Amino acid sequence: MLSSINQFKSSVRISTRVSTLLKAFAIFGTALLLNACSSRDIEDYQDSTPALDLKQFFNGPLTAHGIVQDYSGNVVRRFTVEMIAKWDGDVGEIKEWFVYDDGEKQIRIWNITSLGNGNYTGTANDILGEATGRAVGMALQWEYEMILPVDGSEYQVRFDDWMFLVDENTIINRTDIIKFGITMAEVTLVIAKQSDTE
């Protein structure tokens, strides 16, 4: 009898562990499914206007204002960016000076190559490997990986970066910061062209 009771307790413990594990997989799977279902396709913007050409928009001085939101939608950082962009044929350089609301400053220098037909590649001082981008209509999707420092730790994350041309002087930039297929944070940025005299 005692043996039967112990076997029953053991099976209950195993069943509980399996149930907990299955629930965890179900939650993780649902998150991945929702993320996959919400993915956008750059070709959806084929007929949109005005068309976004990085060489035209990112040329000369620009400014940007942005926010970072955590996974629950709370704004956790605000920042401004001053930019200078120039091109030599199909090769461009965009220098960015970030200033965050907590006083942190950061510099990023992009080197971008236009491959034609709306395709781009790029490298920067703080990203891993090469970024790839494709512009269709008024939109551009830009993807790359980065080591992101957070509270004294570092995480390798993927940036799913989308730019939408509002008019000849304004872009709205939306970025998902992704780890293990799940969006951990979102960045929204409004980029505006400036005249050379500003």
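Over 19 Å apart at the Cα level, from the set 86/193; 55/179; 105/193, are 55/179; 105/193. Relative to the current alpha-carbon distance between residue 182 and residue 74, full extension at 0.36 nm per residue lengthens the span by 37.2 nm.
Rolling a 1.4 angstrom probe over the protein heavy atoms with all chains in place gives the stretch 71-139 an accessible area of 56 Å² per residue.
The values are calculated or read from the model by the stated rules, or taken from the named source; none is laboratory data. Given the structure is predicted, the values throughout are model-derived calculations rather than measurements. Surface accessibility is based on the protein's heavy atoms, side chains included, excluding ligands, DNA and RNA. Shrake-Rupley method; radii C 1.70, N 1.55, O 1.52, S 1.80 Å.
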